[in-house]
Amino acid sequence: MRASDLAYATLLEEIQSGALAPGTVLAEVEQAARLGVSRTPAREAIGRLVAEGLAAQQSPRITVVTDFDADELRALFELRRALEESAARIAARRGDPTVFAALAHDFAAAHPESSNGTRGYDAVDAYYALIARFDAALDRAVDNAYFAQSLRTVRTHLARARRLARDNRERLLASVVEHRLIAEAIAAGDAELAAHATHVHLHNALGAILDSLTEADLHPSSCAPSHHSEPVDSATVAQNDEDETEGIR
């Protein structure tokens, strides 16, 4: 893997997990040193994040991790709904029924809400891995590169929003049932039922994430930024501009 790809993958995972919180400054010199790469791969990685909307320039030399609010989430889900409902219809017509029947069985056996602590988080991670398998099967069934690229962009941003509701055990249990119903409808070749079940799932998922976002706004101390986060004020921007300028030789 190229150094720029490795740097991008690391930064992407940190943004999606919240380790790099919204507002965190992504200075080339600092990130290059932290990730063990030269400035050029770091610059390329940060540029990819900017192109994907996960980071934005606040000044010519200062880039920060972007935030997302309720309106942006609704906009993301508008696109997600259009894509995933259509994908479910197509998959019901083109997909391998045995693949989706097996996925429905796996969803029926999933219990991400069953425990707390470390084991509970392992169960949640395993459940999201199952969702990733379902998404991959959906992409293969649709077999449309344009669809796949559009869904990949949505899922990149969705990973940031999804973590807001990952501790909601009631929502996780409902999500298991909803995914099972979608997989069963696709396996049965029922295109309209697959699309409708997807619509219901996305409606419920958006509601849960918006509720979590509201809760985070009401209780910000429960969502304290990680040690990577830095408040972005005029002094920070000015200092980083100076540091970045001095780093150019």
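The values are calculated or read from the model by the stated rules, or taken from the named source; none is laboratory data. What you are looking at is a predicted structure, and each value in this text was computed from that prediction instead of being measured. Positions of Cβ are backbone-derived with ideal geometry, glycine not excepted, and every protein chain shown enters the neighbour counts.
Below, the figures for the structure above:
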item	result
Residues (touching a residue at least 40 places away in the same chain (Cβ under 8 Å), within 28 Å of Leu213 (Cα to Cα) and of a type outside the set (A, V, I, L, M)) located in region 1-58	Tyr8, Glu14, Gln16, Ser17, Gly18, Pro22, Gly23, Thr24, Arg48, Glu52, Gly53, Gln58
Tally, over region 54-105, of residues that are within 25 Å of Ala21 (Cα to Cα) and in a helix (DSSP H, G or I)	11
Sole residue being buried (at least 19 other Cβ atoms within 10 Å of the Cβ) and either among the polar types (S, T, N, Q) or in contact with a strand residue (DSSP E or B) (Cβ under 8 Å, 6 or more places away or on another chain) (or both), chosen from Thr24, Thr98, Thr10	Thr24
Some residue of region 181-190 being surrounded by fewer than 16 Cβ atoms within 10 Å (Cβ to Cβ), in contact (Cβ under 8 Å) with a residue 24 or more places away in the chain and of a type in the set (A, V, I, L, M, F, W, C)	yes
Elements of type helices (runs of 4 or more DSSP H) in region 115-233, at least 2 residues being over 20 Å from Glu78 (Cβ atoms), at pLDDT below 80 and in contact with a helix residue (DSSP H, G or I) (Cβ under 9 Å, 6 or more places away or on another chain)	191-218
Test for Ala104: is it in contact with a Leu (Cβ under 9 Å, 6 or more places away or on another chain) and assigned by TED's automatic domain parsing to the domain that holds Glu178	yes
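Rundown of residues vs (1) out of contact with any Lys or Arg (no Cβ under 6 Å at 6 or more places or on another chain); (2) modelled with pLDDT under 95; (3) surrounded by 15 or more Cβ atoms within 10 Å (Cβ to Cβ); (4) under 26 Å from Ala148 (Cβ atoms), yes/no style:
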position	(1), (2), (3), (4)
Asp5	yes, yes, no, yes
Ala19	yes, yes, yes, no
Gln31	yes, yes, yes, no
Arg39	yes, yes, yes, no
Ala51	yes, yes, no, yes
Glu72	yes, yes, no, yes
Ala82	yes, no, no, yes
Ala87	yes, no, yes, yes
Ile90	yes, no, yes, yes
